[in-house]
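Report on the structure given below.
Just so you know, all these numbers are worked out from the coordinates, no wet-lab data involved. Values in this document were obtained by computation on a predicted structure and should not be read as measured data. Neighbour counts are summed over all protein chains in view; Cβ atoms, including those assigned to glycine, are modelled from backbone coordinates with ideal geometry.
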Amino acid sequence: MRTRITELFGIEHPIIQGGMHMVGYAEMAAAVSNAGGLGIITGLTQGTPENLAKEIARCREMTDKPFGVNLTFLPAVTPPDYPGFVEAIIRGGVKFVETAGNNPQKWLPALKENGIKVIHKCTSVRHSLKAEAIGCDAVSVDGFECGGHPGEDDVGNWVLLPRAAEELKIPFVASGGCATGSQLVAALALGAEGMNMGTRFIATREAPVHENVKQAILAANELDTRLIMRPLRNTERVLTNAGVERLLEKERTLGDKITFADIAPEVAGVYPAIMKDGKMDAGGWSCGMVVGLIHDVPTVAELIERIMSEADAIIRSRLERFAGADPTPPHLAKA
């Protein structure tokens, strides 16, 4: 399948693996890239520019296909060494970067001068237009269904994607709630050029997380995520667990007097306990409503092949039938 996204990134399938904290290691990125998508190493997960450089080199040993690096720009009293991370990306020969969080404009000149394509993650049309205006090559349009930070507008992809198609000239991918071939076809129909998947890739054989995380995803349904930190206007969608419910009770009790310090035990530094140690009640970890569509733990190659086969079948048979004279499904047609 050829789209503007496959052409932009030099990939076989219009599927991107989003940056995910303590998931986006070389194993994950290489598996996605080897299967024809665009794998992404999560930059800040590596801790330091030196470690990112090592992870990029490690990924090159696992794949000769294109892969990228995620850089999330976060407000902080003591910010990460962003100049160092950008330099590690450039020196590592990476040609694709997924940016997220704050406006990446400050870092675009250095990336562009080195021939690096940038796709920025946006949760609204206005932010997508800003990304286009500052020179991003593509955007990942993140609907309210997504795991992680969905913004504060609460607009789902059924409306957000066609709105983006009305406004944007650069290509964009659907992000948030994506897991299946039927969703890929729907995203294409709504104007996207592909899709970005996060939670679905965690439930794969190659995902470098504790088995308890994968089993928690399998056991969950679409009603099992919660929105935390709404009173702080830093909304995050997470999978429910005992730690998350403790946090929500604090929000209900403290109301508008709540501070980050009040909920820090349930959010600060919990990722190692969950992703590495499998302590599933430690606190909040990003997870999308798409868990309701995840029923197995295949290899990445099996998952992408399934998605593309399903998409092809829908385009070639089901949709063609609607354009023809007889709308009767084949299995209901008279012999």
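Normalising the average separation of contacting C-alpha pairs (under 8 angstrom, six or more residues apart) by the number of residues puts the relative contact order of the chain at 16 percent. For the range 159-174, putting each phi into the Karplus relation 6.51 cos²θ - 1.76 cosθ + 1.60 with θ = phi - 60° gives couplings of 9, 5, 5, x, 5, 4, 5, 5, 9, 8, 9, 6, x, 9, 10, 7 Hz, in residue order, rounded to whole numbers and with x for Gly and Pro.
Let me know the charge dipole size of the chain about its Cα centre in debye, to the nearest 20, where only the beta-carbon of Lys, Arg (+1) and Asp, Glu (-1) is charged.
340 debye
Looking at the chain alone, DSSP beta bridges between its own residues are antiparallel in about 20 percent of cases. Charge tally around residue 294: other residues with Cβ under 11 Å, Lys/Arg +1 each, Asp/Glu -1 each, net 0. Each other residue within a Cβ distance under 11 Å of residue 100 adds +1 if Lys or Arg and -1 if Asp or Glu, for a net charge of -1.
Pop the C-beta distance of residue 50 and residue 264 into the FRET formula with R0 = 30 Å and round what comes out to the nearest 0.05.
Between residue 50 and residue 264 the formula returns 0.60.
Compared with the direct C-alpha span, the chain from residue 58 to residue 219 gains 54.7 nm at full extension, assuming 0.36 nm per residue. If the segment from residue 322 to residue 233 were pulled out straight at 0.36 nm per residue, it would be longer than the present Cα-Cα gap by 27.6 nm.
For the range 193-335, the residue among 270, 260, 308 whose Cα projects farthest onto the positive side of the dipole built from Cβ charges is 260. Considering the dipole of the chain built from charges on the beta carbon (Lys and Arg +1, Asp and Glu -1) around the Cα centre, which of 108, 204, 178 is farthest to its positive end? Positive-end residue among those listed: 108. The residue 257 and residue 279 beta-carbon pair, evaluated with R₀ = 25 Å, returns a calculated FRET efficiency of approximately 0.30. When the chain is treated as a Gaussian network with alpha carbon springs shorter than 10 Å, the biggest mean-square fluctuation among 180, 63, 78 belongs to 78. Rounded to the nearest Hz, the phi-derived 3J(HN,Hα) couplings of the range 260-267 under the Karplus curve 6.51 cos²θ - 1.76 cosθ + 1.60 (θ = phi - 60°) are 4, 4, 5, 10, 3, x, 9, 10, where x marks glycine and proline.
Computed from phi, the 3J(HN,Hα) profile of the range 185-191 under the Karplus parametrisation 6.51, -1.76, 1.60 (θ = phi - 60°) reads 4, 4, 4, 5, 5, 8, x Hz, with x in place of Gly and Pro. For the range 100-151 versus the range 232-301, the inter-centroid distance based on Cα atoms is 25 Å. Taking a straight line from the alpha carbon of residue 250, these aspartates and glutamates sit under 18 Å away, with near neighbours fewer than eight places off in the same chain left out: 236, 262, 266, 281. Partner lysines whose Cα lies under 16 Å from the Cα of residue 214, excluding those fewer than 8 positions away in the same chain, are identified as 276, 279.
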